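Below is one structure, written out as structure tokens, with a few remarks after it.
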């Protein structure tokens, strides 16, 4: 394993230990959240379960990107940023809405906007860590992937569904080509062209 990656993993483990967070790397290529949901990793602040957890799937090529992303969610929690507190409710609203439970349109839009803005803050934190620790990640490509993911939240307002695991916005070649390699996009709404592109690519 690359030295810079090893150094950061040890640092993250020590930070987790210091703050009472369980550090859980999985050797397989996914983390199973429920019987129906698999993901690359997650950070849970323990507000529901009682025990904070940082988990990630180590058995995949981009595991360090996933780990840093989830670690940055931990820093949002530790920093006590307002969006983290707000998004605890927002994410529940989105999950319920995606599962078919109706909520007022304005409430859903606000919840999605909050979650989108939380993810944008988080992705900027991740890029900062890659730079500070000299972690060998293609920053231009990572930023494109981050922009595709953040922008997806706006697209989800029209589809009322999460992306297909086999065709996520951050793995779709045509979506990535349309993204900026800097955090300089309009994140408040999708342009008509991007809406059509997400639709065409069946995201």
Filter region 151-170 for residues that are in contact with a helix residue (DSSP H, G or I) (Cβ under 6 Å, 6 or more places away or on another chain) and free of Cβ contacts under 8 Å to residues at least 40 places away in the same chain; the one that is nearest to residue 95 (Cα to Cα) is 169
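Residues checked against (1) out of contact with any helix residue (DSSP H, G or I) (no Cβ under 6 Å at 6 or more places or on another chain); (2) surrounded by 13 or more Cβ atoms within 10 Å (Cβ to Cβ); (3) in a loop (DSSP other than H, G, I, E, B); (4) at pLDDT 85 or above:
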| site | (1), (2), (3), (4) |
| --- | --- |
| 10 | yes, no, no, yes |
| 16 | yes, yes, no, yes |
| 20 | yes, no, yes, yes |
| 24 | yes, yes, no, yes |
| 28 | yes, no, yes, yes |
| 36 | yes, no, yes, no |
| 48 | yes, no, yes, no |
Here the residues within region 150-169 that are under 18 Å from residue 123 (Cα atoms) and either more than 14 Å from the chain's Cα centre (by Cα) or crowded, with 21+ Cβ neighbours inside 10 Å (or both) are 150, 151, 152, 153, 154, 169
The number of residues in region 98-112 that are part of a helix (DSSP H, G or I), at pLDDT 95 or above and surrounded by 13 or more Cβ atoms within 10 Å (Cβ to Cβ) is 6
Expected single match for surrounded by fewer than 12 Cβ atoms within 10 Å (Cβ to Cβ), closer than 27 Å to residue 62 by Cα and touching a helix residue (DSSP H, G or I) at 6+ places or on another chain (Cβ under 8 Å) among 144, 173, 202 is 202
The residue from 90, 115 that alone is closer than 21 Å to residue 69 by Cβ, modelled with pLDDT under 95 and surrounded by 14 or more Cβ atoms within 10 Å (Cβ to Cβ) is 90
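The values are calculated or read from the model by the stated rules, or taken from the named source; none is laboratory data. Bear in mind the structure is a predicted one, so any value in this text is a computation, not a measurement. Counting neighbours? That spans all protein chains shown, and the Cβs are built from the backbone with ideal geometry, glycine included.
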